[in-house]
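Working notes, structure below.
The values are calculated or read from the model by the stated rules, or taken from the named source; none is laboratory data. None of the values given here were measured: they were computed from a predicted structure. Cβ: placed from backbone, ideal geometry, glycine included. Neighbour counts: every protein chain shown. For accessibility, only protein heavy atoms count, side chains too; no ligands or nucleic acids. Shrake-Rupley method; radii C 1.70, N 1.55, O 1.52, S 1.80 Å.
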Amino acid sequence: MRDFSYLRASSVDAAREAAALPGAMLLAGGTTLVDLAKCGVAEPETVVDITHLKGLDTIAVDDRGATIGALARMSRVADHADIKSRFPAVSEALWQAASAQLRNMATIGGNLMQRTRCPYFRDPANFPACNKRWPGSGCSAIGGVTRGHAVLGTSEACVATYPGDLAVALVAFDAIVHLGDRQIAVDDFFLLPGSTPEREHAIEPGEMITAIGIPASAAARRSTYLKVRDRQSYEFAAASAAVGIEFEADGRTIRDLRVALGGVATKPWRARAVEEALNGKVLEPEVVRQASLLAVEGAVDRGANHYKIELAPRVVARAILKMGETA
Amino acid sequence: MTVHELRTRPGDAKRGDASDGAVLADQVGGRLSRVDGPAKITGAAKYAVEQQLEGLTHAVLVESTIAAGRVRSIDTAAAKASPGALLVLTPDNILPLRTATDWLGTPPPDVAYCPLARDITFSGQHVAAVVAETFEQAVAAAALVKIAYDEAAAIVDLSDPKAGDGIPVDAMTKEWGEAETAFASAPVRICNAYNTPREYQAPIEPHGLIAKWQGDQLTVWEPSQWLDGMARTYAEWFGVPFENVRLVSPYIGGGFGSKAFAYGYGAVAAVAAKMLGRPVKLAVTRPQTFTAYGGRAATRQTVALGANAEGQIQSIVHRGVNETSVDGMWVEPLGSVTSVMYATPNFSSRQNVVRVNTVVPGALRAPGENPSAFGIESAIDELAYEVGIDPLEIRLRNYAEQDPHAKKPWSTRQLREAFAAGAEAFGWSKRNPRPRSMRDGNQLIGWGVAAGTYPVRRAYGEAVVRILADGSVEVESSSIDMGQGTYTILAQTAAEVVGVPAENVVVKLGDSRYARAGVTGGSRLAGVMTGAVHKAASAALDQLIGLAISDPASPFHALQANTLVVANGRIASPRGNGPEVSIAELLSSVGREHIEAKGDTMPANSTVEDRYKNYTTIAMALPHTEGDYSRHSWCAHFIEVRVDEDFGTVRVSRVVSALDSGRLYNPKLAESQWKGGIIMGIGQALLEEGIVDRRHGRIVNNNLADYLIATNADIPDIEVISVGIPDPHSSVLGGKGVGELGIVGVAPAIANAVFHATGKRVRDLPITLEKLI
Ligand SMILES: Cc1cc2nc3c(=O)[nH]c(=O)nc-3n(C[C@H](O)[C@H](O)[C@H](O)COP(=O)(O)OP(=O)(O)OC[C@H]3O[C@@H](n4cnc5c(N)ncnc54)[C@H](O)[C@@H]3O)c2cc1C
Ligand code: SF4
């Protein structure tokens, strides 16, 4: 039997120290970690339980922004009144993710760290080749079933989609990941696969997410998260968009647009080209549709995922137009 | 002997159930809530693999990672040395078993049976198994079994160029008239191909068992849709008498056709238990539920309809193909609905099966009828548009007044009533036939209709009914309840016949030691078992009344009555003169512990062999066209969809279905089964598909996060309307089939609605967004 040691961390420092041990993994809600351990993907030697750490589950919102503790549960953040009113896209991304049961267990820190749903990654017994899992072993997905794989940010080493929803909203609003004392922009926290798809985050051994900071902005206040999928609930995004708009005083001219994509890229994908094309423009449906096509600039499909290239700009355009309507 | 009429008298009534008024919840036709509900909700209901046994060990399967080839060698050294490992089973050391009789009753060839494979014919085949003291130890040890293969090229699915045209199944051929020539000369012709993918039963309770030997007696706790059939298989595998095997399956967490047979993993667990001399538990993992037994075979059909300009069908030419495994045979009868739904003077249906490297497919809710209806009910919608006739009207113009294939009258066919009632409740007359004619913002709205049918499968049943000293009634049967309501309707039947409240009836099911029962499949159980319980309960009541009249110690002895009535647990004379006593008082005054009667519906001259065959195979089942009538359930689904014009996402927003299942033994439970079928049909239409990696011949979405079934959010309110009337030719109490009917026709109704919404015809299930974008 595959034994592992279980450590209940008594402080953040103790957790970080334990996490630095080789083969150690942090355990928060466990909804990713236990699942991957069952698949034979995660084989921790030490499991460091951080769920008993005090003070890491607070949600604080003021005029400067929100600070969300790493251990806050997805469901609590989604339901938080100030998050709903000042960062609607964040709340919407959360309640459209996973299922009610999972959201009650899962934490914000663990959510950012969730792994890809690439079926080859998740089945080592049948598909040993996976660069993300075993660097240098190859990629089983390329040439295989790719309906859910990424069209943006891919490399020849890995085409796996970043599956999460929350991080898409965070990237749109320039959120910051707190790793204890060190802080890093969410956009920089997630790494492109390149030739090292096993490295997904800019986090070092012995580091741990302690909180997420989201700066307040007018665009975040008028924001939405639109998630498109075949099943109405409990499915990862075929394509999604987090969008926020701040208008000029005329209520029509776009001052600050934020657009990020989910379900189509190897990391939460900020669509700056769309933002730049529309900032300073009057919001008109046709203009928005044209500009939204820039969201998939440089996209490369792998056959069955071609539809994502068609779908993503439509999701972006719909979300922008929806935010315009409420003007 | 007294003849006991049913108190609710289906013959006099319109529907024979609570909708006629005056039927109590306790009686047949009443809306009694599920009697097993509280046990399930509180967790008191113990499922098969939850048994706690002393010395229990745990088995884990090791499966092939290639789809075709041969096992060159198996290295078990590391697994054997792993902590807690007790036994590593491979084809080399497993006890030889005998091949068992199949479910059709075909005598087995005299060859050994080995549930572990050396020759690999599909990915996920059982090659080895490890038994250990704990489940975790078994999992760890199983991961250490090293298998070397000589891999061969696999045929991954029907579209594989190597698959070929397959083998004709002559028994499926149905032909009359001159179909091909009539089609060629028809003024209007349409011909299209319709495909359904591999689909899975996905029961919430995965499969598994606990096997325990005591000498040559085997006890198996296993969820089962067919205790006696599975007990026979285990007995024949091990060469022990049928009576030596006891199967226990009190509750089943969903079967949908997948729990009727003993499968290879069952043999593995039972062999391991024998070799170790300890009980063995084997729980099939969720990914293994995709390969340890088969789901619905992928199918392809072409449907050619020739018609005149008025939409009257002149010819149907139908060709079907389903996949089967390399060494097993599964025929999914694709012409079953095609050949009975519409009147046509010329008809031809033929079917091939194609061998591919998959586990042998199996039964999934309405095998045959379900994909068959997707073909014909899509095709007739296409014809309606071709000739410019309303899709409902065209169905009425081609209404089959008798079975077009068997050329016999229907026992009952309330399909016209179903169309009328459904259309009325749905508001069909307000439909604008033009595609893309209705929208709500970005949502294109479409309305579709389709019909469905399922044959009435009949068999013989038996039951034991006891009237106990306290006046309560006990019913025993080795049939099962997988959520469809057997416990409840048998309590209602016994309560009504004996004349006691249903709460005083205890129904015991799911133990092969009880009175025998055939398969719970093909929607036959309710009809079979209510008939058997009715007979046994009537015999018990006769004994009770006989005692009351003739026993010198009975308070009724002096009355010299011919008969007595029993109601609400009390016995009295029909005219009300004389005493009135409770059943308990009577039994106590005549000094009886209990009264017991066994009843069965077998023909009087049946031999012991006939009975054994009837309960352990389907060889004695009565064809639905036996005698003077053709017997089927019928339904019509009216469905509204909303399709996002930019995203291609389809949501079902309204369902009205009118169904004819004959008389309903319990309308509440029947409605909920119909709805269950409709919900499953929505998943089938929009979501469900086993996705194969073509290089490895392996299903990659083998878990419930990736194999999508409908969630609550996908399901709108569903209105179901019963249009059935008692059908005396279909069952003792007048019911037809319920369980499978609801799903038949849902997928084509949705595809037809999607066409109405978008103008796009999707002929490949499921209708996912990329097909509409
Ligand atoms: C069936 C299913 C469907 C899902 N659907 C969706 C969906 O639609 N959208 C979506 O966004 N998500 C979805 N998820 C993912 C889900 O949101 C994540 O599993 C969850 O958020 C992870 O949080 P957790 O606390 O359970 O993490 P854990 O499982 O405890 O940890 C996950 C990983 O993060 C690490 N970790 C945990 N906390 C920290 C920390 N503070 N600092 C550094 N590392 C840490 C762990 O070591 C581990 O590697 C789904 C999951 C499942 C199982
Ligand atoms: S896409 Fe990435 S995660 Fe998937 S198999 Fe290839 S390397 Fe592994």
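Around B:Phe242, under 11 Å between beta carbons, what's the net of Lys plus Arg minus Asp minus Glu among the other residues? Overall, the nearby charge balance is 0. Mean per-residue shielding of peptide A:59-70 is 0, counting Cβ atoms of other chains within 10 Å of each Cβ.
Using C-alpha pairs under 8 Å with a sequence gap of at least 6, the mean separation divided by the residue count of chain B gives a relative contact order of 17 percent. Taking amide hydrogens as placed 1.01 Å from N in the peptide plane, the amide H of B:Leu97 sits under 5 Å from those of B:Tyr113, each at least 5 positions away in sequence or on another chain.
Per residue, how much accessible area does chain B have with a 1.4 Å probe, in Å²? Don't skip to the end; give the middle numbers.
Numbers: 27410 Å² over 773 residues.
Computed with neighbouring chains in place, this is 35 Å² per residue.
Legend: mean number of C-beta atoms from other chains within 10 angstrom of residue C-beta atoms, peptide A:231-243, equals 4.
When every alpha-carbon pair in segment B:227-324 is counted, what percent end up more than 24 Å apart? Counting every Cα pair in segment B:227-324, those more than 24 Å apart make up 47 percent.
Electrostatic tally near A:Arg252: other residues with Cβ closer than 10 Å to its Cβ, Lys and Arg +1, Asp and Glu -1, net -2.
By the rule of a C-alpha distance below 16 Å, with chain neighbours fewer than 8 residues away ignored, the lysines paired with B:Lys408 are B:Lys174. Can you check what the net charge comes to around B:Leu396, using other residues whose Cβ is under 10 Å from the Cβ of B:Leu396 (Lys, Arg +1; Asp, Glu -1)? Within the 10 Å Cβ shell, the charges total +1. Taking the chain by itself as reference, segment B:641-677 contains these residues with an accessible-area loss of 40 Å² or more in the full protein complex (1.4 Å probe, heavy atoms): B:Asp646, B:Phe647, B:Arg651. Protection proxy ranking, highest mean first, for peptides B:467-477, A:242-252: B:467-477, A:242-252, where packing is the per-residue count of other beta-carbon atoms within 10 Å, averaged.
Here's the list of aspartates and glutamates a cross-link from B:Lys613 could span, going by alpha-carbon distance under 16 Å and ignoring same-chain residues fewer than 8 apart: B:Asp102, B:Asp228, B:Glu236, B:Glu243, B:Glu462, B:Asp600. Just so you know, the averaged projected area of the alpha carbon convex hull for segment A:218-325 sits at 6.8 nm². Of all DSSP beta bridges confined to chain B, the antiparallel ones make up roughly 80%. Seen through its C-alpha gyration tensor, with square-root eigenvalues sorted a ≥ b ≥ c, segment A:69-181 comes out prolate because a/c lies at 1.5 or above while a/b is bigger than b/c. A straight Cα-to-Cα reach below 21 Å connects B:Lys46 with the lysines B:Lys212, B:Lys259, B:Lys281, B:Lys508, residues fewer than 8 places away in its own chain not being considered. Kirkwood-type hydrodynamic radius, chain B: 27.6 Å, calculated from all non-identical alpha-carbon pairs. Shielding of peptide A:138-146 by partners, expressed as the average count of other chain Cβ atoms within 10 Å per residue Cβ, is 3. If you bin all the Cα-Cα distances of the protein assembly as shown at 20 Å, starting from zero, the percentages per bin are 12, 37, 36, 14, 2, 0.
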